[in-house]
1. So which of D129, D184, D149, D158 is among the acidic types (D, E), in contact with a Lys or Arg (Cβ under 9 Å, 6 or more places away or on another chain) and modelled with pLDDT under 90?
2. Taking region 274-298, which residues are within 30 Å of S112 (Cα to Cα), more than 14 Å from the chain's Cα centre (by Cα) and among the hydrophobic types (A, V, I, L, M, F, W, C)?
3. Across region 252-282, what is the number of residues that are part of a helix (DSSP H, G or I) and of a type outside the set (S, T, Y)?
4. Please determine, by comparing only the residues of region 321-348 that are in a loop (DSSP other than H, G, I, E, B) and among the basic types (K, R), which one is surrounded by the most Cβ atoms within 10 Å (Cβ to Cβ).
5. Just to be sure before I move on: is E361 in contact (Cβ under 8 Å) with a residue 40 or more places away in the chain, of a type outside the set (F, W, Y) and within 24 Å of P161 (Cα to Cα) in the structure I sent?
6. Being touching a residue at least 40 places away in the same chain (Cβ under 8 Å), surrounded by fewer than 24 Cβ atoms within 10 Å (Cβ to Cβ) and either in contact with an Asp or Glu (Cβ under 8 Å, 6 or more places away or on another chain) or over 30 Å from Y250 (Cβ atoms) (or both) is the filter here; which residues of region 290-320 pass it?
7. Looking at region 29-46, which of its residues are in a loop (DSSP other than H, G, I, E, B) and of a type outside the set (A, V, I, L, M, F, W, C)?
8. Restrict the check to region 145-160 and report whether at least one residue is without any contact (Cβ under 8 Å) to a residue 60 or more places away in the chain and not in a loop (DSSP other than H, G, I, E, B).
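The values are calculated or read from the model by the stated rules, or taken from the named source; none is laboratory data. Just so you know, these numbers come straight off a predicted model, no measurement behind them. All Cβ positions, even for glycine, are placed from backbone atoms using ideal geometry, and neighbour counts span all protein chains on display.
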Amino acid sequence: MKRRTLLKTLATLPAAAMAGNLWAAPASKTRLLFVFMRGGYDATNLLVPISSQYYYQVRPNIAIAKPSTELNSALPIDADWGLHPALRDSVYPLFSAGQVAFVPFAGTEDVSRSHFETQDSIELGQALDRTRDYRSGFLNRLAATLNTDRASAISFTDQLPLVMQGGLQVPNTALRSIGKPAVDPRQAKMIAAMYDGTALSQQVRDGFVVRDEVMKEMIGEMEGANRNAVSAKGFELEARRIAKLMKEKYNIGFVDVGGWDTHVGQGGATGYLAGRLDELGRGLAGFAQEMGPDWKDTVVVVVSEFGRTFRENGNRGTDHGHGTVYWVLGGGVQGGKVRGEQIRLEQSTLFQNRDYPVLNEYRAMFGGLLSRMYGLNAGQVEKIFGTPGRDLGLV
(Lines give C-alpha, C1' and ligand atoms only; values in the text may rest on other atoms or scores of the structure.)
Protein backbone atom coordinates (compact mmCIF):
# COMPACT_ATOMS: atom_id res chain seq x y z
CA MET A 1 0.00 0.00 0.00
CA LYS A 2 1.32 3.44 -0.93
CA ARG A 3 2.15 5.74 1.96
CA ARG A 4 -0.51 8.25 0.89
CA THR A 5 -3.17 5.55 0.68
CA LEU A 6 -2.11 4.09 4.04
CA LEU A 7 -2.36 7.47 5.73
CA LYS A 8 -5.73 8.06 4.11
CA THR A 9 -6.97 4.71 5.38
CA LEU A 10 -5.62 5.26 8.89
CA ALA A 11 -7.30 8.64 8.98
CA THR A 12 -10.67 6.91 8.82
CA LEU A 13 -10.06 4.75 11.87
CA PRO A 14 -10.89 7.11 14.75
CA ALA A 15 -14.31 7.90 13.25
CA ALA A 16 -14.90 4.31 12.21
CA ALA A 17 -14.08 3.05 15.68
CA MET A 18 -17.11 4.87 17.07
CA ALA A 19 -19.34 2.62 14.94
CA GLY A 20 -17.97 -0.55 16.47
CA ASN A 21 -15.00 -2.85 16.13
CA LEU A 22 -14.68 -2.72 12.32
CA TRP A 23 -11.35 -4.53 12.34
CA ALA A 24 -12.72 -7.68 13.92
CA ALA A 25 -14.08 -10.54 11.84
CA PRO A 26 -17.76 -9.91 11.03
CA ALA A 27 -20.21 -11.73 13.27
CA SER A 28 -22.61 -12.50 10.43
CA LYS A 29 -21.46 -15.04 7.87
CA THR A 30 -23.62 -13.48 5.17
CA ARG A 31 -21.59 -11.17 2.94
CA LEU A 32 -22.77 -8.68 0.34
CA LEU A 33 -20.62 -6.95 -2.29
CA PHE A 34 -22.30 -4.24 -4.35
CA VAL A 35 -20.54 -3.55 -7.68
CA PHE A 36 -21.61 -0.36 -9.48
CA MET A 37 -20.82 -0.15 -13.23
CA ARG A 38 -20.69 3.63 -13.60
CA GLY A 39 -21.40 5.01 -17.04
CA GLY A 40 -24.48 3.02 -18.05
CA TYR A 41 -23.33 -0.21 -19.71
CA ASP A 42 -24.91 -1.78 -22.78
CA ALA A 43 -26.86 -4.56 -21.12
CA THR A 44 -28.40 -5.53 -24.46
CA ASN A 45 -25.06 -6.94 -25.60
CA LEU A 46 -24.39 -8.53 -22.21
CA LEU A 47 -27.61 -10.51 -22.00
CA VAL A 48 -28.36 -10.92 -25.70
CA PRO A 49 -32.06 -11.13 -26.76
CA ILE A 50 -31.39 -13.85 -29.32
CA SER A 51 -35.10 -14.48 -30.02
CA SER A 52 -35.65 -10.86 -31.12
CA GLN A 53 -35.27 -10.33 -34.85
CA TYR A 54 -35.64 -6.61 -34.20
CA TYR A 55 -32.40 -6.70 -32.20
CA TYR A 56 -30.50 -7.93 -35.25
CA GLN A 57 -32.22 -5.42 -37.54
CA VAL A 58 -31.29 -2.36 -35.52
CA ARG A 59 -27.76 -3.44 -34.56
CA PRO A 60 -26.20 -4.30 -37.94
CA ASN A 61 -22.64 -3.61 -36.74
CA ILE A 62 -22.57 -4.46 -33.03
CA ALA A 63 -25.06 -7.32 -32.51
CA ILE A 64 -23.85 -10.59 -30.97
CA ALA A 65 -24.61 -13.61 -33.17
CA LYS A 66 -26.99 -16.31 -31.97
CA PRO A 67 -25.37 -19.29 -30.21
CA SER A 68 -23.45 -21.56 -32.54
CA THR A 69 -20.13 -23.35 -32.75
CA GLU A 70 -18.42 -20.02 -33.50
CA LEU A 71 -16.40 -18.63 -30.57
CA ASN A 72 -17.74 -15.11 -31.15
CA SER A 73 -21.38 -16.15 -30.91
CA ALA A 74 -23.53 -15.75 -27.80
CA LEU A 75 -23.25 -18.34 -25.06
CA PRO A 76 -26.53 -20.27 -24.74
CA ILE A 77 -28.80 -19.58 -21.78
CA ASP A 78 -32.33 -20.39 -22.97
CA ALA A 79 -34.55 -19.89 -26.01
CA ASP A 80 -34.72 -16.12 -25.51
CA TRP A 81 -31.33 -15.16 -24.12
CA GLY A 82 -27.63 -15.64 -24.71
CA LEU A 83 -24.57 -14.28 -22.89
CA HIS A 84 -21.71 -12.20 -24.29
CA PRO A 85 -18.86 -14.53 -25.34
CA ALA A 86 -16.31 -12.43 -23.42
CA LEU A 87 -17.60 -14.14 -20.26
CA ARG A 88 -17.03 -17.67 -21.58
CA ASP A 89 -14.23 -18.56 -19.14
CA SER A 90 -15.24 -16.42 -16.16
CA VAL A 91 -18.91 -15.79 -15.37
CA TYR A 92 -20.45 -18.40 -17.68
CA PRO A 93 -19.03 -21.40 -15.75
CA LEU A 94 -20.50 -19.90 -12.56
CA PHE A 95 -23.83 -19.43 -14.34
CA SER A 96 -23.74 -23.04 -15.55
CA ALA A 97 -23.07 -24.12 -11.95
CA GLY A 98 -26.23 -22.30 -10.82
CA GLN A 99 -24.32 -19.51 -9.06
CA VAL A 100 -25.30 -16.56 -11.28
CA ALA A 101 -28.71 -15.13 -12.19
CA PHE A 102 -29.51 -12.19 -14.46
CA VAL A 103 -32.44 -9.80 -14.02
CA PRO A 104 -33.31 -7.91 -17.22
CA PHE A 105 -35.73 -4.98 -17.45
CA ALA A 106 -34.30 -3.79 -14.13
CA GLY A 107 -33.69 -0.26 -12.95
CA THR A 108 -35.06 2.88 -11.40
CA GLU A 109 -38.11 4.98 -12.18
CA ASP A 110 -35.75 7.90 -12.88
CA VAL A 111 -36.15 8.73 -16.60
CA SER A 112 -33.68 11.64 -16.72
CA ARG A 113 -31.04 9.54 -18.54
CA SER A 114 -28.53 11.61 -16.57
CA HIS A 115 -25.56 9.67 -15.21
CA PHE A 116 -25.43 11.71 -12.03
CA GLU A 117 -29.14 11.93 -11.25
CA THR A 118 -29.73 8.23 -11.86
CA GLN A 119 -26.62 7.12 -9.97
CA ASP A 120 -27.79 9.24 -7.04
CA SER A 121 -31.28 7.74 -7.26
CA ILE A 122 -29.91 4.22 -7.02
CA GLU A 123 -27.43 4.98 -4.24
CA LEU A 124 -30.03 6.78 -2.15
CA GLY A 125 -32.58 3.98 -2.57
CA GLN A 126 -35.38 6.43 -1.82
CA ALA A 127 -38.67 7.13 -3.60
CA LEU A 128 -38.49 9.82 -6.28
CA ASP A 129 -41.88 11.31 -5.43
CA ARG A 130 -40.91 12.23 -1.87
CA THR A 131 -38.38 14.51 -0.22
CA ARG A 132 -35.04 12.74 -0.37
CA ASP A 133 -32.27 12.79 2.21
CA TYR A 134 -28.93 13.12 0.40
CA ARG A 135 -27.07 12.20 3.58
CA SER A 136 -28.52 8.69 3.70
CA GLY A 137 -27.51 5.91 1.30
CA PHE A 138 -29.29 2.57 1.35
CA LEU A 139 -26.23 0.43 2.19
CA ASN A 140 -25.61 2.62 5.24
CA ARG A 141 -29.25 2.14 6.26
CA LEU A 142 -28.89 -1.61 5.72
CA ALA A 143 -25.80 -1.79 7.92
CA ALA A 144 -27.51 0.33 10.60
CA THR A 145 -30.62 -1.87 10.47
CA LEU A 146 -28.53 -5.01 10.93
CA ASN A 147 -26.62 -3.18 13.72
CA THR A 148 -22.86 -3.30 14.27
CA ASP A 149 -22.92 -6.77 15.83
CA ARG A 150 -24.02 -8.24 12.50
CA ALA A 151 -22.65 -5.80 9.94
CA SER A 152 -19.28 -4.21 9.30
CA ALA A 153 -19.25 -2.18 6.11
CA ILE A 154 -16.50 -0.77 3.92
CA SER A 155 -16.29 1.11 0.62
CA PHE A 156 -13.42 0.26 -1.74
CA THR A 157 -13.35 3.78 -3.22
CA ASP A 158 -11.27 6.96 -3.11
CA GLN A 159 -14.07 8.84 -1.37
CA LEU A 160 -17.08 7.63 0.57
CA PRO A 161 -19.89 7.18 -1.99
CA LEU A 162 -23.43 8.35 -1.46
CA VAL A 163 -24.69 4.79 -0.97
CA MET A 164 -22.48 4.42 2.14
CA GLN A 165 -23.20 7.82 3.69
CA GLY A 166 -25.46 8.13 6.71
CA GLY A 167 -25.65 7.81 10.45
CA LEU A 168 -23.29 4.83 10.64
CA GLN A 169 -19.58 5.61 10.26
CA VAL A 170 -18.15 3.60 7.33
CA PRO A 171 -14.46 3.54 6.34
CA ASN A 172 -13.24 3.67 2.76
CA THR A 173 -9.97 2.62 1.17
CA ALA A 174 -8.81 3.39 -2.36
CA LEU A 175 -7.99 0.63 -4.80
CA ARG A 176 -4.84 0.80 -6.91
CA SER A 177 -5.09 3.61 -9.48
CA ILE A 178 -5.31 2.22 -13.00
CA GLY A 179 -5.18 4.13 -16.26
CA LYS A 180 -3.39 7.21 -14.99
CA PRO A 181 -0.53 8.74 -16.99
CA ALA A 182 2.77 6.85 -16.78
CA VAL A 183 4.38 10.12 -15.68
CA ASP A 184 2.61 12.08 -12.95
CA PRO A 185 2.88 15.90 -12.58
CA ARG A 186 5.71 15.69 -10.03
CA GLN A 187 7.74 13.43 -12.30
CA ALA A 188 6.98 15.61 -15.32
CA LYS A 189 8.34 18.62 -13.45
CA MET A 190 11.50 16.72 -12.54
CA ILE A 191 12.04 15.58 -16.14
CA ALA A 192 11.51 19.10 -17.46
CA ALA A 193 14.04 20.43 -14.93
CA MET A 194 16.64 17.97 -16.25
CA TYR A 195 16.43 19.69 -19.66
CA ASP A 196 16.65 23.25 -18.34
CA GLY A 197 19.33 25.21 -20.15
CA THR A 198 19.44 22.79 -23.10
CA ALA A 199 18.15 23.15 -26.66
CA LEU A 200 15.33 20.72 -25.85
CA SER A 201 14.04 22.59 -22.79
CA GLN A 202 11.10 24.33 -24.45
CA GLN A 203 10.17 21.26 -26.51
CA VAL A 204 10.01 19.06 -23.41
CA ARG A 205 7.87 21.56 -21.52
CA ASP A 206 5.58 22.05 -24.53
CA GLY A 207 5.28 18.29 -24.86
CA PHE A 208 3.99 17.91 -21.31
CA VAL A 209 1.53 20.80 -21.83
CA VAL A 210 0.16 19.13 -24.97
CA ARG A 211 -0.08 15.79 -23.16
CA ASP A 212 -2.08 17.36 -20.34
CA GLU A 213 -4.42 19.07 -22.80
CA VAL A 214 -5.00 15.84 -24.72
CA MET A 215 -5.68 13.93 -21.49
CA LYS A 216 -8.31 16.49 -20.49
CA GLU A 217 -9.88 16.35 -23.95
CA MET A 218 -10.12 12.54 -23.96
CA ILE A 219 -11.48 12.21 -20.46
CA GLY A 220 -14.67 14.24 -21.17
CA GLU A 221 -18.01 12.78 -20.28
CA MET A 222 -16.72 9.28 -19.49
CA GLU A 223 -14.59 10.46 -16.57
CA GLY A 224 -17.48 12.51 -15.23
CA ALA A 225 -19.80 9.52 -15.43
CA ASN A 226 -17.17 7.34 -13.74
CA ARG A 227 -16.97 9.55 -10.62
CA ASN A 228 -13.36 8.42 -10.03
CA ALA A 229 -14.35 4.74 -10.15
CA VAL A 230 -11.60 2.20 -10.72
CA SER A 231 -11.38 0.80 -14.26
CA ALA A 232 -12.55 -2.72 -15.12
CA LYS A 233 -8.87 -3.69 -15.39
CA GLY A 234 -8.26 -2.21 -11.96
CA PHE A 235 -11.13 -4.22 -10.52
CA GLU A 236 -9.76 -7.38 -12.10
CA LEU A 237 -6.40 -6.78 -10.41
CA GLU A 238 -7.89 -5.91 -7.01
CA ALA A 239 -10.83 -8.31 -6.73
CA ARG A 240 -8.88 -10.93 -4.78
CA ARG A 241 -7.69 -8.33 -2.28
CA ILE A 242 -11.30 -7.25 -1.81
CA ALA A 243 -12.25 -10.88 -1.16
CA LYS A 244 -9.52 -11.30 1.44
CA LEU A 245 -10.64 -8.20 3.32
CA MET A 246 -14.27 -9.25 3.23
CA LYS A 247 -13.44 -12.75 4.46
CA GLU A 248 -11.44 -11.42 7.37
CA LYS A 249 -13.00 -8.12 8.40
CA TYR A 250 -16.12 -6.93 6.57
CA ASN A 251 -19.43 -8.31 5.40
CA ILE A 252 -20.90 -5.39 3.41
CA GLY A 253 -18.75 -3.92 0.66
CA PHE A 254 -19.10 -1.44 -2.20
CA VAL A 255 -16.90 -0.89 -5.24
CA ASP A 256 -17.54 1.10 -8.40
CA VAL A 257 -16.11 0.30 -11.81
CA GLY A 258 -16.00 2.92 -14.57
CA GLY A 259 -15.61 2.97 -18.32
CA TRP A 260 -19.07 1.92 -19.58
CA ASP A 261 -20.24 5.03 -21.46
CA THR A 262 -19.92 3.63 -24.99
CA HIS A 263 -21.22 6.31 -27.35
CA VAL A 264 -18.56 5.58 -29.99
CA GLY A 265 -16.86 2.40 -31.23
CA GLN A 266 -18.51 0.06 -28.74
CA GLY A 267 -17.78 -3.11 -30.69
CA GLY A 268 -19.72 -6.36 -30.67
CA ALA A 269 -18.31 -9.77 -29.83
CA THR A 270 -14.90 -8.10 -29.80
CA GLY A 271 -13.83 -4.52 -29.23
CA TYR A 272 -14.03 -1.99 -26.41
CA LEU A 273 -17.09 -3.27 -24.52
CA ALA A 274 -16.01 -6.89 -24.90
CA GLY A 275 -12.66 -6.02 -23.33
CA ARG A 276 -14.27 -4.35 -20.34
CA LEU A 277 -16.71 -7.23 -19.82
CA ASP A 278 -13.80 -9.68 -20.00
CA GLU A 279 -11.91 -7.76 -17.31
CA LEU A 280 -14.95 -7.41 -15.07
CA GLY A 281 -15.84 -11.08 -15.53
CA ARG A 282 -12.35 -12.25 -14.62
CA GLY A 283 -12.40 -10.01 -11.57
CA LEU A 284 -15.72 -11.47 -10.40
CA ALA A 285 -14.49 -15.03 -11.01
CA GLY A 286 -11.29 -14.26 -9.08
CA PHE A 287 -13.33 -12.83 -6.21
CA ALA A 288 -15.46 -15.99 -6.09
CA GLN A 289 -12.40 -18.23 -6.13
CA GLU A 290 -10.64 -16.23 -3.41
CA MET A 291 -13.70 -16.40 -1.15
CA GLY A 292 -13.30 -20.18 -1.08
CA PRO A 293 -15.78 -21.90 1.27
CA ASP A 294 -17.21 -18.48 2.22
CA TRP A 295 -18.53 -18.09 -1.34
CA LYS A 296 -21.61 -20.11 -0.33
CA ASP A 297 -22.55 -17.31 2.11
CA THR A 298 -21.71 -14.44 -0.26
CA VAL A 299 -23.89 -12.48 -2.68
CA VAL A 300 -22.47 -10.10 -5.29
CA VAL A 301 -24.87 -7.68 -6.98
CA VAL A 302 -23.70 -5.93 -10.16
CA VAL A 303 -25.72 -2.92 -11.34
CA SER A 304 -25.46 0.15 -13.55
CA GLU A 305 -27.41 3.40 -13.47
CA PHE A 306 -29.22 2.60 -16.72
CA GLY A 307 -28.95 0.59 -19.90
CA ARG A 308 -28.44 1.98 -23.39
CA THR A 309 -30.49 2.52 -26.51
CA PHE A 310 -31.77 -0.65 -28.14
CA ARG A 311 -30.66 0.62 -31.54
CA GLU A 312 -27.02 1.35 -32.32
CA ASN A 313 -26.20 4.97 -33.18
CA GLY A 314 -24.36 6.40 -36.18
CA ASN A 315 -20.99 6.00 -34.44
CA ARG A 316 -21.35 2.25 -33.94
CA GLY A 317 -22.08 2.84 -30.28
CA THR A 318 -25.14 3.29 -28.09
CA ASP A 319 -26.59 6.22 -26.16
CA HIS A 320 -28.11 6.68 -22.70
CA GLY A 321 -31.10 4.43 -22.10
CA HIS A 322 -33.40 3.37 -19.29
CA GLY A 323 -33.88 -0.26 -18.23
CA THR A 324 -30.83 -2.49 -17.82
CA VAL A 325 -29.72 -5.95 -16.63
CA TYR A 326 -28.57 -6.67 -13.07
CA TRP A 327 -26.28 -9.57 -12.18
CA VAL A 328 -26.59 -11.57 -8.95
CA LEU A 329 -23.76 -13.98 -8.11
CA GLY A 330 -23.00 -16.21 -5.14
CA GLY A 331 -22.58 -19.76 -3.94
CA GLY A 332 -26.09 -19.74 -2.49
CA VAL A 333 -27.79 -17.93 -5.38
CA GLN A 334 -30.61 -19.71 -7.20
CA GLY A 335 -28.86 -19.13 -10.48
CA GLY A 336 -28.58 -20.63 -13.91
CA LYS A 337 -31.68 -18.65 -14.91
CA VAL A 338 -32.92 -15.27 -16.06
CA ARG A 339 -35.15 -13.95 -13.28
CA GLY A 340 -37.86 -11.34 -12.88
CA GLU A 341 -40.66 -10.06 -15.09
CA GLN A 342 -39.88 -10.14 -18.82
CA ILE A 343 -41.43 -9.26 -22.17
CA ARG A 344 -40.51 -9.99 -25.77
CA LEU A 345 -38.31 -7.28 -27.20
CA GLU A 346 -39.80 -5.71 -30.29
CA GLN A 347 -40.17 -2.12 -31.45
CA SER A 348 -43.65 -1.84 -29.94
CA THR A 349 -42.47 -2.94 -26.47
CA LEU A 350 -39.58 -0.48 -26.14
CA PHE A 351 -39.81 2.35 -23.63
CA GLN A 352 -40.36 5.63 -25.49
CA ASN A 353 -39.51 3.75 -28.69
CA ARG A 354 -35.84 3.48 -27.74
CA ASP A 355 -34.99 1.66 -24.48
CA TYR A 356 -35.64 -1.34 -22.27
CA PRO A 357 -38.66 -0.64 -20.06
CA VAL A 358 -38.21 -1.08 -16.30
CA LEU A 359 -40.35 -3.98 -15.13
CA ASN A 360 -38.26 -4.97 -12.10
CA GLU A 361 -37.92 -1.84 -9.98
CA TYR A 362 -34.62 -1.88 -8.13
CA ARG A 363 -35.77 -0.94 -4.62
CA ALA A 364 -38.40 -3.67 -4.60
CA MET A 365 -35.92 -6.19 -6.03
CA PHE A 366 -33.18 -5.33 -3.52
CA GLY A 367 -35.70 -5.28 -0.69
CA GLY A 368 -36.79 -8.81 -1.53
CA LEU A 369 -33.21 -10.00 -1.93
CA LEU A 370 -31.96 -8.49 1.32
CA SER A 371 -35.02 -9.75 3.17
CA ARG A 372 -34.15 -13.30 2.15
CA MET A 373 -30.44 -12.84 2.84
CA TYR A 374 -30.74 -11.31 6.30
CA GLY A 375 -34.21 -12.34 7.44
CA LEU A 376 -35.46 -8.75 7.43
CA ASN A 377 -39.12 -8.19 8.23
CA ALA A 378 -41.45 -5.99 6.17
CA GLY A 379 -40.95 -3.01 8.49
CA GLN A 380 -37.18 -3.18 8.18
CA VAL A 381 -37.34 -3.36 4.38
CA GLU A 382 -39.72 -0.40 4.39
CA LYS A 383 -37.28 1.54 6.58
CA ILE A 384 -34.41 0.95 4.15
CA PHE A 385 -36.21 1.40 0.81
CA GLY A 386 -39.55 3.05 1.58
CA THR A 387 -41.33 0.23 -0.24
CA PRO A 388 -42.10 -3.45 0.33
CA GLY A 389 -39.66 -5.91 -1.15
CA ARG A 390 -40.40 -8.18 -4.07
CA ASP A 391 -38.98 -11.69 -3.89
CA LEU A 392 -37.63 -12.78 -7.29
CA GLY A 393 -36.35 -16.09 -5.96
CA LEU A 394 -32.71 -15.03 -6.26
CA VAL A 395 -31.59 -16.74 -3.02
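1. One residue alone meets the criteria, D158.
2. Passing the criteria: only A274.
3. So the answer is 10.
4. Out of the qualifying residues, it is R339.
5. The answer is yes for E361.
6. The answer is T309, R311, E312, N313, N315, R316, G317, D319, H320.
7. K29, T30, R38, G39, G40, Y41, D42
8. no
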